[in-house]
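**Q** Before I ask anything, let me first share the structure, which is written out below as structure tokens.
Just so you know, all these numbers are worked out from the coordinates, no wet-lab data involved. Here the structure is a predicted model, which is why all the values come from computation and not from measurement. Because the Cβ atoms are built from the backbone with ideal geometry, glycine has one as well, and the counts that use them run over all protein chains shown.
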Amino acid sequence: MTLQLARLMEHAGNLVAVFDPEDRLRFANRAFRAAWFISDGEDLLWSELMRRNYHARQGTVIAAADFEVWLRSTQARRGKSGYRAFETDLHDGRWLWMTETMQPDGWMLCVASDISSIRADERSLRQDRDFAIKASQTDELTGLPSRRYVMGKLGEFVGSSGEVDEDVGCLAVLDIDNFKYINDRFGHGVGDAVLKDFAITIQRHVRKTDTLGRVGGEEFMLILPNTTMADAETIVQRMLVAVRHSRPVSEQASFRYTFSAGLAWIARSDDPSDVYRRADLALYAAKMRGRDQLSIEIQPHRSLGATAAASSE
């Protein structure tokens, strides 16, 4: 049965692919390989595939002057929903309707159908609509999702089905330390460089199922679904180390910066604004303890009833 299914998918007219939790291609049928110029046996990361085709001007049409900015923005949305559908252009002139179906463990099924027969005027209208929606949900400077987008994702997450009091993940609020001083001392150009560098550095440590966004100023929010507090702490600690070693201003090699973080549990019974408030209180505790560190809630909030936080350092 499994062999027969593989044969059917291999010769299907639709484009079919499977990506693992690291976003590495694990299966692609003949139609998918042809559209994105994938050789038999290649198991590229999705980002590697997009980068290669962008520079070769093949596969997906990417209308962006800076590919890395486009990649960062797209990865921030890829795999963040159980199901997503969108339209995409290919350099060969085809227009595809693409669906992404995500499993909780991070495996993704991609299926695309050719919808090139849709009239050109309708196609242009739908593309303009999609561009406007994406722009409204994206922070222009960093390319990350906006506050509106990530708060919406948090609301979807706590509102999903399951036991009401079940812990379903963690929320981290990240804040760049002494950012006002950086702007005042070095200028807003350096401040902007720090924000961009922070987004790039943190994104490298974000899993496909996580959602990272800028919620205002120098503050960012990270949703970590299906993650224990111990695992969330490990992830954020890696981010702390990565930022300490980052050098965002090439002409000032000695310039460095840090950030602080607060972690809170997420339960399905939570109100999104309350989860954010509790993570923000934990962040405040990290700041008060000297910055450049992580603080977490002492225990799940439903049995805590207070705002205590514990430093991980």
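**Q** What residue among Gln203, Phe259, Leu90 has its Cα farthest toward the positive end of the dipole of the chain, where the charges are +1 on Lys, Arg and -1 on Asp, Glu, each on the Cβ?
**A** Leu90
**Q** Normalising by the residue count of segment 147-311, find the relative contact order in percent from Cα pairs under 8 Å and 6+ residues apart.
**A** Relative contact order for segment 147-311 comes out at 30 percent.
**Q** Just in segment 217-287: which trypsin sites (Lys or Arg not before Pro) are loop by DSSP and have at most 15 other Cβ atoms within 10 Å?
**A** Hits after loop and neighbour filter: Arg256.
**Q** Please get the size of the charge dipole for segment 2-136, origin at its Cα centre, with Cβ charges of +1 on Lys and Arg and -1 on Asp and Glu, quoted in debye to the nearest 20.
**A** Here the size comes out at about 180 debye.
**Q** Moving to a separate point now. Select from segment 166-247 those GluC sites (Glu not before Pro) which occupy a DSSP coil region and have at most 12 other Cβ atoms within 10 Å, ordered by residue number.
**A** Answer in residue order: Glu166.
**Q** Whose amide H sits under 5 Å from the amide H of Ser269, counting only residues 5 or more places off or on another chain, with H placed in the peptide plane?
**A** Residues meeting the amide H criterion: Glu166.
**Q** Picking from Phe179, Gly155, Val275, whose Cα lies most toward the positive end of the charge dipole for segment 147-311 (charges on Cβ: Lys, Arg +1; Asp, Glu -1)?
**A** Phe179
**Q** Here's another thing I want to ask about it. Please give the charge dipole size of segment 147-311, origin at the Cα centre, charges +1 on K and R Cβ atoms and -1 on D and E Cβ atoms. Round to the nearest 20 debye.
**A** For this selection, approximately 560 debye.
**Q** Starting from the exponent 0.38 and prefactor 2.2 Å, build the expected Rg for segment 147-311 from its residue count and divide its actual Cα Rg by it.
**A** 1.03
**Q** May I pose another question? Quick one: 3J(HN,Hα) in Hz for segment 35-42, Karplus 6.51/-1.76/1.60 with θ = phi - 60°, rounded, Gly and Pro as x.
**A** Rounded to whole hertz, the list is 5, 10, 6, 10, 7, 4, x, 6.
**Q** Work out the length of the dipole vector of the chain about its Cα centre, built from +1 on the beta-carbon of each Lys and Arg and -1 on the beta-carbon of each Asp and Glu, and round it to the nearest 20 debye.
**A** 440
**Q** Which entry in (1) 54; (2) 37; (3) 26 matches percent of Cα pairs over 31 Å apart derived from the coordinates of this structure?
**A** Recomputing percent of Cα pairs over 31 Å apart here gives the entry labelled (2).
**Q** To the nearest 0.05, what FRET efficiency results for Arg256 and Ala6 with a Förster distance of 30 Å applied to their C-beta separation?
**A** Result of the calculation: an efficiency of 0.05.
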